[in-house]
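Following: one structure in structure tokens, then a few remarks.
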Amino acid sequence: MCKIAGIADDVKDFPPEVSASAQIPLIPDHEVLRVIGRGAYGEIWLARSLTGALRAVKVVHRATFESERAFQREFQGMSSFEPISRAHNGFVDILHVGRTREYLYYIMELADDHVAGRKIDVVQYVPRTLKTDVDRHRRLSADESIQLGISLTEALRFLHEHDLTHRDIKPSNIIFIDGVPKLADIGLVAATGQRSFVGTEGYVPPEGPGTAQADIFSLGKVLYEVSTGKDRLDFPELDSQLTGRSDKRELLRLNEVLIEACAGDARKRYASASAMHEDLCRLSAGQVPRRKRSVGKWVLAACLVGLALAGAIATRQVLWAPPGLAEPRRQTIVKTEPPGALVLLGDHANKSPATFIDLEPRKYNVRIMSPGYDPIETVLDLSGRKTAPPPVFQLVRSRGSIEIQSEPAGAEYVLRSEDGKVSRTGSLPARMADVPSGKYSLMARRGDWEMTDNIEIKRGEMTRKAFAFVIIPVNVTSEPPGADISVDSAPPSGHTPLRLELPARSHEMAAHLNGWPEERRSVVLQTQGENVVHFVFANGSVKITSAPGGAKVMTAGRELGQTPLVIEEVKPGAVTYELRLAGYNATSITGQVEPQQQAFLAARLERSLSPEPGQPWTNSLGMKFVPLGNIQISVWETRVQDYEAFCAATGRHRDAPDFAQGPTQPVVKVNWPDAIAFCKWLTDKERDENVLEARQAYRLPTDAEWSAAVGLRNEGGNTPEARDGKIRNEFPWGKQWPPPAGAGNYADKGVQRARGGVIDNYSDGFGQTAPVGSFKPNALGLYDLGGNVWEWCAEGYKGDSGAPGRDWGVLRGGSWATSSRSEMLSSYRNVVDRNERDVIYGFRCVLTSPNE
């Protein structure tokens, strides 16, 4: 498939490893995963948003465009299409458009997987397009093709009503989302009438793209391919297996619509997408197209009795038909020298050598066109029973004339053809006739002064060009004034404002001002009108973003703000900023600021391994911690999976309960020494892994710290015993009794283990332990400070006085078996021998900081 211009197929069957060859772009608030398609100007990436949604991100690189204008065309297409993309179900939704200095990007909804639909496997994902459908099934049924055409003509109608055209409709630019076909590749959408020749060969009509009728032609070729299984360049040949297809009647009626949609003469084509949509709807309802066409009659006759003779079609000028049936069809081959010319035979079009089959037995007007050659118009008579093949048509280079003058006369000239060869030379003025048409480069020289220009000589026309070798005044200014001006690398001519006398040709000017970056300008002076050259020494700006956001932006030890941040009035030149964010490594970003432009600087911050005091943190086991005074406390109780990692590493035996537990439920049947051993192991482990600093360690919370976590203040007393139960009517959920629904995992009517009473009319949905975080957290973000399991505290009930007797420990918070009002108080202390293990005992960790 040959690409005429524009963007190549954006979505192809790339294997997952294709991403290894692409430089990963930085897309704000998105994790870029891998390339899923490539085109001439960029790639399409699979990405995941902050919310976890999978998106497609098209990245269009500036470096792949020859000019800024061409680059802006892509952006204009996005800008024009983005507001209406979400207004119609026939378009891919564009969710966001952005740009950097190196590329444009836009984020859009993700196509279905070509096999699994909406079940997206990020490693194996391949977008579902009409091309992948046809590659898998070879062709669609007539009914499927008609329904596809109904959907896409409705989308085209909406696009054309907004004065936009698509200009590159083809199977790979039609994607499926939730099974619905949608038009994609907005980069080629343009204002109606934009005639730059983009698109893909075979889908573009003879007059070129850029009109609503050109889009209709392209869609007709797409429907031809998917319904017949043949290549678009084979149009209008029908499926050679048509007589064996169960939907041949519907396919022949569809063919009538496609003949009109793909007419070589735009005047004979559907006038609008709405008109084509109406005919397709009639086909869907079992009716014939509104516009009856004679071509339908011969197609029906030829297909029903003649397509079985497909082998004879390739070698015979006249197709045989049984007696009593319609006049037999004709075929012919038109050849040209050189080949490749566009041959228009009636409503049919093809490139030479051009084969035309299934033609009515009559005379046809033939027009042959090729760039740079005279067109040929003739008549081809196929009305006879036997017709000889037409002769090879010899194309003749078209010619025009050129007239060149110079002021003053006497300049020497050189005319070069497009391939660089010298065509004519001489002195001016000069007049030349019978010059082959085409594009030329024309150079005129007077002494050391050369002037060049590109011209085009058209068939039968006179092209005129004049060169003026004159001296004209030029006014040079700058903002602010006072800049040194040099012309064509000569020493400075003076300071702005400045008036110079220069030859009327192109010059290179340079301006210098007070240490600013040099400003250079290519200037082509005109012989008419005032010539003014203005230099602007203006500040630029910088936009800084980071992933994640909220990082401090620092320069020279001074904080400028937090990302995302726009810094105005930045002097042009190199800039460097430092980004700092708690929990992440500090990083520097550099860039180049240009006058009157905004530099975009972005950085993806790397998470720091060590916890930052006063900041949330997640450790190596996935345990989450939040600040509590000078420490950080785990947001939930130690889980089964955390404790099993400890047992696996140390060989310690875990005494399992008599009921099933999942990995995220709180570990139970641990005594105080078990909890202390876990904290020491985790401390040693993460110090060895350089996660913790030497003065950071895990331990159990003190009784006072546990009270602070649950929201108790000013309990008084120096020991847990002195504080026990002193504050009444305060519960982890508030002051009301009985507990409201969802207050925590307590002894409700679903408790399956007899450990006393239950709370009347209370249900939490769990018979024993619940996965941590199953209920609402408190204001600090802490879960299960009431219910689930009793939690060991660091010190003994009477304080760690070292007095003889039993080693009485303290547990706080209640459990899944707690129903007593007094035991559910936030100030209640459960006094238990530290060596006891039970299915209601667990623990939570805290992390000390160097500042503790």
Worksheet item: How many times 2.2 N^0.38 Å is the alpha carbon radius of gyration of the range 643-698?
Response: 1.26
Fill in: Value of relative contact order over the range 712-852, rounded to a whole percent, pairs C-alpha under 8 Å and six or more apart
27 percent
Item to complete: Considering the options Asn745, Val57, Ala184, tell which one lies farthest towards the positive end of the dipole of the chain, charges being +1 on Lys and Arg and -1 on Asp and Glu at the Cβ, about the Cα centre.
Response: Ala184
Practice prompt. Give the long-range amide H neighbours of Ser437: residues separated by 5 or more places, or on another chain, with amide H under 5 Å away, using H modelled in the peptide plane at 1.01 Å from N.
Written response: Ser398, Arg399, Gly400
Worksheet item: So what is the diffusion coefficient of the range 724-847 in µm² per second by Stokes-Einstein at 25 °C and 0.890 mPa s, using a Kirkwood Rh over Cα pairs?
Response: 163 µm²/s
Worksheet entry | Per-residue ³J(HN,Hα) for the range 500-508, Karplus 6.51 cos²θ - 1.76 cosθ + 1.60, θ = phi - 60°, Hz, x for Gly and Pro | 10, 10, 10, x, 7, 8, 7, 9, 9
Discussion item. As I understand it, the dipole of the range 325-435 uses +1 on the Cβ of Lys and Arg and -1 on the Cβ of Asp and Glu, about the Cα centre. Which of Gly420, Ile368, Thr332 lies farthest toward its positive end?
Written reply: Thr332
Fill in: Amide N proximity, the range 428-459 versus Arg397 label position 7 Å along Cα-to-Cβ, cut-off under 16 Å
432-441, 456-459
Practice prompt. Keeping all protein chains in place, calculate the accessible area per residue for the chain (probe 1.4 angstrom), answer in Å².
Written response: 46 Å²
Worksheet item: What dipole magnitude, in Debye to the nearest 20, does the range 622-666 give about its Cα centre under +1 on Lys/Arg Cβ and -1 on Asp/Glu Cβ?
Response: 160 debye
Item to complete: Pop out the carbon and sulfur fraction of the accessible area of the range 528-666 as a percent, whole number, probe 1.4 Å.
Response: 45 percent
Discussion item. Please give me the summed charge of the neighbours of Arg399: other residues whose Cβ is under 9 Å from its Cβ, Lys and Arg +1, Asp and Glu -1.
Written reply: 0
Fill in: Amide H contacts of Phe393 (H built 1.01 Å from N, under 5 Å, at least 5 apart or other chain)
Lys335, Thr336, Glu337
Worksheet item: In nm, to one decimal, how far is the modelled label at Glu795 from the one at Ala779, with both set 7 Å along Cα→Cβ?
Response: 2.5 nm
Fill in: lysines whose Cα lies under 17 Å from that of Lys552, excluding same-chain neighbours fewer than 8 positions away
Lys543
Worksheet item: Pairs Lys119/Lys624; Lys58/Lys624; Lys624/Lys680; Lys685/Lys798: which exceed 29 Å Cα-Cα?
Response: Lys119/Lys624; Lys58/Lys624; Lys685/Lys798
Worksheet entry | Where a label projected 7 Å from the Cα of Ser620 along Cα→Cβ would reach, residues of the range 676-711 with amide N under 18 Å | 677-699
Practice prompt. Assuming 1.306 mPa s and 10 °C, estimate D for the range 701-748 with Stokes-Einstein, Rh taken as the Kirkwood radius over Cα pairs, in µm²/s.
Written response: 131 µm²/s
Worksheet, complete the sentence: Calc'd 3J(HN,Hα), the range 151-162, phi into Karplus 6.51 cos²θ - 1.76 cosθ + 1.60 (θ = phi - 60°), Hz, glycine/Pro = x, comes to 5, 6, 5, 5, 5, 4, 4, 5, 5, 5, 5, 9
Fill in: Length released on extending from Glu518 to Thr650, taking residue separation times 0.36 nm less the Cα-Cα span
40.7 nm
Item to complete: Could you please report the charge total around Arg62, scoring K, R as +1 and D, E as -1 over all other residues with beta-carbon less than 10 angstrom from its beta-carbon?
Response: -1
Worksheet item: What's the extension gain from Val180 to Asn585 if we count 0.36 nm per residue and subtract their Cα-Cα distance?
Response: 141.3 nm
Worksheet item: For Lys776, which aspartates and glutamates qualify as cross-link partners when the Cα separation must be under 16 Å and same-chain residues fewer than eight apart are set aside?
Response: Glu637, Asp764, Asp784
Response to the item:
Relative contact order in percent for the chain (Cα pairs under 8 Å, 6+ apart) equals 6 percent
Worksheet item: Relative contact order (percent) for the range 548-665, with alpha-carbon contacts under 8 angstrom and 6 or more residues of separation?
Response: 14 percent
Worksheet item: So what are the ³J(HN,Hα) numbers for the range 520-533, from phi and the Karplus equation (6.51, -1.76, 1.60; θ = phi - 60°), rounded to whole Hz, Gly and Pro as x?
Response: 10, 8, 8, 10, 10, 7, 9, 6, 10, x, 7, 9, 10, 10
Worksheet item: Which semi-axis lengths, in whole Å and largest first, follow from the square roots of five times the eigenvalues of the Cα gyration tensor of the range 126-189?
Response: 21, 14, 9
Worksheet entry | Residue order for Arg330, Arg397, Arg86, Arg157 - accessible surface, 1.4 angstrom probe, largest first | Arg86, Arg397, Arg157, Arg330
Worksheet entry | Top positive-direction residue, dipole computed over the chain with Cβ charges, set Met443, Pro429, Gly787 | Pro429
Fill in: Orientation-averaged projected area, Cα convex hull of the range 553-601 (nm²)
3.5 nm²
Worksheet entry | Stokes-Einstein D for the chain, Kirkwood Rh over Cα pairs, 25 °C, 0.890 mPa s (µm²/s) | 70 µm²/s
Practice prompt. Filter the GluC sites (Glu not before Pro) in the range 333-427 down to the DSSP loop ones having no more than 16 other Cβ atoms within 10 Å, then list what survives.
Written response: Glu418
Worksheet item: Say a paramagnetic label sat at a point 7 Å from the Cα of Glu568, along Cα to Cβ; which residues of the range 514-555 have their backbone N under 19 Å from it?
Response: 537-545
Practice prompt. Show which lysines lie in cross-link reach of Lys221 when reach means a straight Cα distance below 22 angstrom and same-chain residues fewer than eight apart are skipped.
Written response: Lys3, Lys12, Lys131, Lys170, Lys182, Lys230, Lys248, Lys268, Lys292, Lys297, Lys351
Worksheet entry | In the range 371-482, lysine pairs closer than 24 Å at Cα, eight or more apart or cross-chain | 5
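The values are calculated or read from the model by the stated rules, or taken from the named source; none is laboratory data. Keep in mind that this is a model prediction, so the values were computed, not measured. Counting neighbours? That spans all protein chains shown, and the Cβs are built from the backbone with ideal geometry, glycine included. Heavy atoms of the whole protein, side chains included, go into the accessibility calculation; ligands, DNA and RNA do not. Shrake-Rupley method; radii C 1.70, N 1.55, O 1.52, S 1.80 Å.
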